[in-house]
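In what follows, a single structure is set out as structure tokens and then discussed.
FYI, it's all coordinate maths here, none of it is from the lab. Given the structure is predicted, the values throughout are model-derived calculations rather than measurements. Don't worry about glycine lacking a Cβ; one is built from the backbone with ideal geometry, like all the others, and counts go over all protein chains shown.
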Number of protein chains: 2
Amino acid sequence: MATIRDVAREAAVGVGTVSRVLSGSPQVAPETRARVQATIERLGYRPSPLGRALARGRSQTLEVIVPLFTRYFYVEVLRGIEVALADTDYALVIRTIERPADRDRAFADPGSRGRAEGVLIVSLTPTAELLARLAATALPAVLVNNVHPALPSVALDHEAAAALAVQHLVRLGHRRIALVDHLEDPFAPSSPSGRRCGYRATLARAGLELRPEYERVTDFSPEAGMAALDALLALPQPPTAVFAGSDTQAVGVLEAARRRGVAVPDDLALVGYNDIEMAGYLGLTTIRVPMRELGRLGVQQLLLAFETPERAAGQIRLEPELIVRHTCGAVQAAAR
Amino acid sequence: MATIRDVAREAAVGVGTVSRVLSGSPQVAPETRARVQATIERLGYRPSPLGRALARGRSQTLEVIVPLFTRYFYVEVLRGIEVALADTDYALVIRTIERPADRDRAFADPGSRGRAEGVLIVSLTPTAELLARLAATALPAVLVNNVHPALPSVALDHEAAAALAVQHLVRLGHRRIALVDHLEDPFAPSSPSGRRCGYRATLARAGLELRPEYERVTDFSPEAGMAALDALLALPQPPTAVFAGSDTQAVGVLEAARRRGVAVPDDLALVGYNDIEMAGYLGLTTIRVPMRELGRLGVQQLLLAFETPERAAGQIRLEPELIVRHTCGAVQAAAR
DNA sequence: TTGTAGGCGTTATCAG
DNA sequence: CTGATAACGCCTACAA
């Protein structure tokens, strides 16, 4: 590999001049610049990110810490991040979290000891330790799909989203609406889901009774969704509509209904969450979560934090959108 | 951030000694070591990966280039890689490929100009340019889920896998077996799928007729699977069994059958590929692809290449496994 | 406008 | 066993 010194020697200039050409400094004579450029081309020289990082004190690398629970969601967010980074010179190092130990390790060392100059934390609740480390190292960090007063964030307004979904079901005439939700961050079971708040608030606003037995919190799998519907249908007063906290769970609800001969949407209306690929294909009415947008804006926030660290942390809230397909029954109702 | 010099000063030793303690060199007096260790703890010192990388000439970073087509597959492979790396000090930088331009950019600069000391290339066919770059930079690379004579690789034997699946259907009495496949690498449409070879070979061995109209190559979506089955059922002699090249497509086949009132497995037997999460839940008979294992072994190969670059490139082939559930009809047949 | 020298944080070599 | 000191590849004053 050619170094900056090789280029300097070949072009008969000092390394400083080569460096200036590299950084596009205006203070270099056009002809010198041309000569250096030519030498760079000829040698196929590419500056070493390592040397540069050390000298500049900036590694040009971002770290993203992301759980593995909802694969589709996470890949989409990641892709949003990548696209936003494509124009820049930043590299992306990624740490996936599957078990509590993974999370603890990642949180104990955000930025991987200086390897990254900023961190994107996706769908994970910051611990006290993480906050302390971030503060101690002055490492810029942005929360994606989560909120915390101490950190900038990009998140969907889950409460508003739930309100949208539940309101839609109420308008369609449903009065017994169940919730099949999951924990946003399985490692932080205590934090109440924004969706649940929105669900309850909307029912209350509509003058509908809150029934604890209608609120099911399960994990992400379709199986869990199936089990949840089975339990709900076994109730003395089964719900006529279900709002699922993820499309994956909604898929399970759909399958359970099919197996029990419960017609969707006639006997049971269903609204999902996220709008994954399969939702369109199943005709699932759902809340569209702009997953790539979350990633893109997260990067934007982080890059902004680099430039003006003194500015107050921004909290970006994305507005949800309801995608009406046919599992909610609205299309059929309109046709009547 | 404390540097090695701070530690040296505080512990009243030279930086060399601190470095030796860090690397666990035996040539340091126990009491000196203890003193240095204590100082390290007290200062909370962590060596900078950047400085270390520069001095050692090794960045302790691996790059993985991976397409986005099958999300589940790719996340699992990635996780296998991460788990294998958890014990080491390696970081993982990832480049996701969605469009040809993404691939070209990644292939034009494998290792991101020295940022990574090795590359894992997942499900992507190396181009001549990539091979040239790898050779020019002497960058170790390992192919995952793909094979090339010039590079070490870890791959499933797709041909054997297809044979397993088709043979199973033949044994169950099927004589009209269709294939709903996809391209392993959509950017390299020319390369024939190993699955198709296995499919044809097995049919031939069983003395069954090869029907070109039974071979459908589509993309990964369930929609494509649905369309493929629709086309197959419209044939004068529709197949009685389908072997799908991915579970995602199999899901579409399943749904299309349901919509047309074709009973699975009684009227149509189905075998998928990959064994994604949803396969178990749908009762889909399928080929289990050890996705995490692919990632884990890829890392192992790469680390091995670091140590002994002179050794010939290893080609690891993983053996496929058939998971019998109920869409193939074997369970029902056994019960009779 | 350009070259030189010092420094970024580490490792490795080489005397002592 | 240990302490200087020279790399590693680059950037950035500072001086010319």
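In table form, for the structure just shown:
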read-out: P(r) histogram, all alpha-carbon pairs of the stretch A:1-104 included - 10 Å bins from 0, percent; value: 13, 31, 24, 16, 13, 4
read-out: Residue exposure sequence - B:Arg46, A:Arg195 - by fewest surrounding Cβ within 10 Å; value: B:Arg46, A:Arg195
read-out: For A:Tyr199, A:Tyr281, order by how many other beta-carbon atoms lie within 10 Å, fewest first; value: A:Tyr281, A:Tyr199
read-out: Helix axis angle, B:222-233 relative to chain B longest principal axis, alpha carbon, degrees; value: 20
read-out: Relative contact order for the stretch B:4-47, counting Cα pairs under 8 Å that sit 6 or more residues apart, in percent; value: 42
read-out: Scattering profile of the stretch A:4-47 at q = 0.21, 0.31 Å⁻¹ [log10 I(q)/I(0), Debye over alpha-carbon scatterers]; value: -0.54, -1.22
read-out: Relative contact order, percent, chain A [alpha-carbon distance under 8 Å, six or more residues apart]; value: 17
read-out: Label-to-label distance, nm, for residues given as A:Glu209 and B:Arg211 (7 Å Cα→Cβ offset); value: 5.9
read-out: For the protein assembly as shown, size of Cβ-based charge dipole, Lys and Arg +1, Asp and Glu -1, in debye; value: 880
read-out: Prolate/oblate/rounded call for the stretch B:262-336, Cα gyration tensor, a/c under 1.5 rounded; value: prolate
read-out: Chain B: antiparallel DSSP beta bridges as a percent of all, rounded to 5; value: 10
read-out: Burial ordering of B:His158, A:His326, fewest other beta-carbon atoms within 10 Å first; value: A:His326, B:His158
read-out: Charged-residue dipole, Cβ positions (Lys, Arg, Asp, Glu), the stretch B:4-47 about Cα centre, Debye nearest 20; value: 80
read-out: Per-copy distances of the B:Gly16 label point, shortest first, in nm (7 angstrom along Cα→Cβ); value: 3.3
read-out: Charge-dipole axis of the protein assembly as shown as Lys and Arg at +1 and Asp and Glu at -1 on Cβ define it, positive-most pick from B:Leu124, A:Ala8, B:Met1; value: A:Ala8
read-out: GNM result for chain A, Cα springs below 10 Å: residue of A:Thr32, A:Thr248, A:Thr285 fluctuating most strongly; value: A:Thr32
read-out: All-pairs alpha carbon distance profile, the protein assembly as shown, 10 Å steps from 0, percent; value: 3, 13, 21, 23, 19, 12, 6, 2, 0
read-out: Positive-end residue, the protein assembly as shown charge dipole about Cα centroid, Cβ charges, pick of B:Ile316, A:Ala234, A:Gly44; value: A:Gly44
read-out: Fluctuation leader among B:Phe220, B:Phe243, B:Phe187 - chain B, Gaussian network, Cα springs under 10 angstrom; value: B:Phe187
read-out: The stretch A:259-322-the stretch A:13-85 distance, computed between alpha-carbon centres (Å); value: 32
read-out: Per-copy distances of the A:Gln300 label point, shortest first, in nm (7 angstrom along Cα→Cβ); value: 4.5
read-out: Residue with peak Gaussian network fluctuation, chain A [Cα springs, cutoff 10 Å], from A:Ser246, A:Ser25, A:Ser190; value: A:Ser25
read-out: Base-10 log of normalised Debye intensity for the stretch A:168-278 (one unit scatterer per alpha-carbon) at q = 0.23 Å⁻¹; value: -1.39
read-out: Volume of the Cα convex hull of chain B, divided per residue and given in Å³; value: 173
read-out: Largest to smallest principal axis extent of the C-alpha atoms in the stretch A:194-241, angstrom; value: 32, 27, 15
read-out: Shielding by other protein chains, B:42-54, mean Cβ within 10 Å; value: 4
